[in-house]
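Chemist: Just dropping this structure here.
Read-outs throughout are calculated quantities, based only on the coordinates presented, and are distinct from any laboratory measurement. Since we're looking at a predicted model, the values are computed, not measured. Note: ideal-geometry Cβ built from the backbone for every residue, glycine included; neighbour counts use all protein chains shown.
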Amino acid sequence: MLVLVVVLVAGFSITSSTRTTTGTILRRDRGDIKNLTKQLSIGLIGSGFMGRVHSNAYRQVNGFFDLEYRPVLKAVCSRNQETLAKFALNWGWEAAETDWRRLVERKDIDAIDISSPNNTHHAIALAAAQAGKTVLCEKPLACTGAEAREMVTAVEKAKVPTFVWFNYRRVPAVALAKQILDEGRLGRIFHYRASFLQDWTINPELPQGGTALWRLDVDAAGSGVLGDLLSHAIDTAIWLNGPILSVAGATETFVKERVHQNTGKMHPVGIDDACLFLARFGNGSLATFEATRYARGRKAKNVFEINGENASIAFDFEDPHRLQYFDHRDPAHLQAWRNIHVSAFEHPYHKHWWVPGTTTGYEHSFINALADFLEGLENGKPAQPDFRAALQTQVVCDAVLAASRAQKWVVVGEA
Ligand code: SOE
């Protein structure tokens, strides 16, 4: 039986393949294979949920996308020393570090990926930019617009590529919605309606802070569902429907005190457990946004509906491979909501995945995002959102908090 041996050599280029008694050795000097000619050595910071998701993307991307760049899992850094070695071994990281500053200083690392709690993004991004590294950052970009602005200034001064992992843009059904909008099928847009609902913090006994529960600690997270969930909805909305001009909102904290894992004592809860806001878009459409972690039975109900003059589209992440489409121009007796199964080769990203009818899910949105990012490095057209684009979302979040506090409409500031 012919055994195929692939020789992976750093910085190679391809000319030939050689048949040996044990199989065919592929060499990377063959003109017909474009991928893997450039290494991008990654230093990942954070080994929690997002650290796992990003590690998976780095490992998978070259198997599905034909790219010049090959991410190399160089080193992972985490303050969680108990689990770090296991994490590094399981995901194939070459080394582990416990001090992110040492990771950023390493000469053998090209890109820093920030997957640690929100309150660490600013300092790490500034140091990484100063060290001339490419910077990838988990959402939200920062705790506040002011922090995010400084991050944008630093990376633009250093002229380093950046990317923010707003992954839902890369769900094929959401990307199809973007295509349908760009094709002008909806006509004038009247309404944008978005919500992101969860239920995992209803229990008042759930502590705040510490490794897994930093999202409940305002010092680590900056805000509650606004930064964690609505930032996704806002990023998608701006991408699909253009800039948001003004907002009016309300927040609520249902459980006012929780034990903090770092002190073992009761501390006030500073995050928003629920947040609602109204918005006006630059295109004249009117919007509602809602996020909560108190919608019993809802786990990750990330939903949007857009109503235009001619047609509407609707998406629900609990049914992620479906896009609903209604077109008023269909013959009257055939008018109905179409339930598009987004899995054909013609649909966004799907030619890279499985055969039509089979599906992709949450982790694929990160792999698709990474592929876009690496392709952007390759062709000099930076994938979006970069830090500057993500700043727009941060500025809207600031305006929502300001509007909730003032109980009035607030104009969204300059990004
Ligand atoms: C919170 O529960 C969370 O994990 C967010 O932090 C993610 O960004 C979101 O995609 C799913 O929910």
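Chemist: Ranked by Cβ crowding within 10 angstrom, fewest neighbours first, how are 192, 294 ordered?
Modeler: Final ranking by Cβ density, sparse to dense: 294, 192.
Chemist: Below 8 Å, C-alpha to C-alpha, sequence gap of six or more: please give me the relative contact order for the stretch 119-209 in percent. Don't jump to the answer; show the numbers that get you there.
Modeler: Values: 60 pairs, mean separation 22.5, N = 91.
So the answer I get is 25 percent.
Chemist: Okay, moving on. Please give the charge dipole size of the chain, origin at the Cα centre, charges +1 on K and R Cβ atoms and -1 on D and E Cβ atoms. Round to the nearest 20 debye.
Modeler: With Lys and Arg at +1 and Asp and Glu at -1, about 500 debye.
Chemist: OK, next. Rounded to the nearest 0.05, what FRET efficiency is calculated for residue 407 and residue 183 with R0 set to 45 Å and r the Cβ-Cβ distance? Display every interim value, and only then the final one.
Modeler: On the way: r = 40 Å, r/R0 = 0.89.
For R0 = 45 Å, the calculated efficiency reads 0.65.
Chemist: So between residue 66 and residue 359, what do we pick up on full extension, going 0.36 nm a residue minus the alpha carbon distance?
Modeler: Value of the extension gain: 103.5 nm.
Chemist: Shifting gears a bit: Testing the spin-label approximation: label points 7 Å from Cα along Cα→Cβ at residue 307 and residue 211. State their distance in nm.
Modeler: 4.8
Chemist: Taking H placed 1.01 Å from N in the peptide plane, check which residues at least 5 places from residue 139 or on another chain put their amide H under 5 Å from its amide H.
Modeler: The answer is 165.
Chemist: Moving to a separate point now. Multiply the residue gap between residue 101 and residue 191 by 0.36 nm, knock off their C-alpha separation, and tell me the result in nm, one decimal place.
Modeler: 27.8 nm
Chemist: Summing +1 for each Lys or Arg and -1 for each Asp or Glu, what net charge is found among the other residues whose Cβ lies under 13 Å from the Cβ of residue 267?
Modeler: Details: positive: 256, 258, 265; negative: 217, 219, 257.
Once positives and negatives cancel, what remains is 0.
Chemist: How would the stretch 168-411 be classified by its alpha-carbon gyration tensor: rounded, prolate or oblate, with rounded meaning a/c under 1.5 and the a/b versus b/c comparison settling the rest?
Modeler: Prolate, since a/c reaches 1.5 and a/b exceeds b/c.
Chemist: Follow-up question, since we're still on this one. When you take every Cα atom in the stretch 161-265, what is the radius of gyration, and what is Dmax, the widest Cα pair distance, in Å?
Modeler: Every Cα atom of the stretch 161-265 included, Rg and Dmax give 17.6, 56 Å.
Chemist: Then there is this: Using the beta-carbon distance between residue 56 and residue 108 and R0 = 25 Å, what value does 1/(1 + (r/R0)^6) give for FRET efficiency, to the nearest 0.05?
Modeler: Efficiency for this residue pair is about 0.65.
Chemist: When DSSP assigns beta bridges and you keep just the ones with both residues in the chain, what percent turn out antiparallel, to the nearest 5?
Modeler: 60
Chemist: Can you give me the C-alpha center-to-center distance between the stretch 104-182 and the stretch 292-367, rounded to a whole angstrom?
Modeler: Centre-to-centre distance over Cα atoms comes out at 27 Å.
Chemist: Related question: Can you give the relative contact order of the stretch 168-411 as a percent, counting alpha carbon pairs under 8 Å and 6+ residues apart?
Modeler: Here the relative contact order equals 27 percent.
Chemist: In this model, which of 133/157; 107/157; 159/351; 86/265; 139/299; 74/351 are farther than 23 Å apart at the alpha-carbon?
Modeler: Among 133/157; 107/157; 159/351; 86/265; 139/299; 74/351, the Cα-Cα distance tops 23 Å for 159/351; 86/265; 74/351.
Chemist: Evaluate the Debye formula for the chain with equal point scatterers sitting on the alpha carbons, no solvent, and hand back log10 of I(q)/I(0) at q = 0.10, 0.11 Å⁻¹, in q order, two decimals.
Modeler: After summing over all Cα pairs, the log10 values are -0.73, -0.88.
Chemist: Considering the alpha-carbon set of the stretch 368-415 alone, what are its Rg and its Dmax in angstrom?
Modeler: Reported Rg and Dmax, both Å: 15.5, 47.
Chemist: Fewest first, what order do 159, 139, 301, 133 take by the number of other Cβ atoms within 10 Å? Let's see the in-between values first.
Modeler: Values: 159 8, 139 22, 301 19, 133 27.
The order, fewest Cβ neighbours first, is 159, 301, 139, 133.
Chemist: Okay, next question. With +1 on the Cβ of every Lys and Arg and -1 on the Cβ of every Asp and Glu, and nothing else charged, how large is the dipole of the stretch 64-198 about its Cα centre, in debye rounded to the nearest 20? Display every interim value, and only then the final one.
Modeler: Values: 19 positive and 16 negative charges, 78 e Å.
That gives a dipole near 380 debye.
Chemist: Sorted from fewest to most neighbouring beta carbons within 10 Å, what does the list 202, 124 look like?
Modeler: On the way: 202 15, 124 24.
If I rank by nearby Cβ atoms, fewest first, I get 202, 124.
Chemist: Treating only the Cβ atoms of Lys and Arg (+1) and Asp and Glu (-1) as charged, compute the dipole magnitude of the stretch 144-252 about its Cα centre; round to the nearest 20 debye.
Modeler: Value, rounded to 20: 640 debye.
Chemist: Relative contact order of the chain: what whole-number percent is it, with Cα pairs under 8 angstrom and at least 6 residues apart?
Modeler: Reported relative contact order: 17 percent.
Chemist: Among 50, 151, 266, whose mean-square fluctuation peaks in a Gaussian network model of the chain (Cα, cutoff 10 Å)?
Modeler: 266
Chemist: Related question: Put +1 on the Cβ of every Lys and Arg and -1 on every Asp and Glu Cβ in the chain; which of 85, 201, 253 then has its Cα farthest towards the positive end of the dipole?
Modeler: 85
Chemist: Quick one: Karplus J couplings for the stretch 190-198, per residue in order, coefficients 6.51, -1.76, 1.60, θ = phi - 60°, nearest Hz, x for Gly and Pro?
Modeler: 9, 9, 10, 10, 9, 8, 9, 10, 9
Chemist: So what is the calculated 222 nm ellipticity per residue for the chain, using -39500 (n - 2.57) for each DSSP H run with n of 4 or more, over all residues, to the nearest 500 deg cm²/dmol? Provide the component values of the computation, followed by the final result.
Modeler: Details: 10 runs with 121 residues, N = 415.
Calculated mean residue ellipticity at 222 nm is -9000 deg cm²/dmol.
Chemist: Moving on. Let me make sure I get this right: for the stretch 283-375, a, b and c are the square roots of the gyration tensor eigenvalues over alpha carbons, sorted descending. Under 1.5 in a/c it's rounded, otherwise prolate if a/b > b/c, else oblate. Which is it?
Modeler: oblate
Chemist: If all Cα-Cα distances of the stretch 253-323 are sorted into 5 Å bins from 0 onward, what percent lands in each bin, rounded to whole numbers?
Modeler: 3, 12, 15, 17, 16, 13, 9, 7, 5, 3, 1, 0
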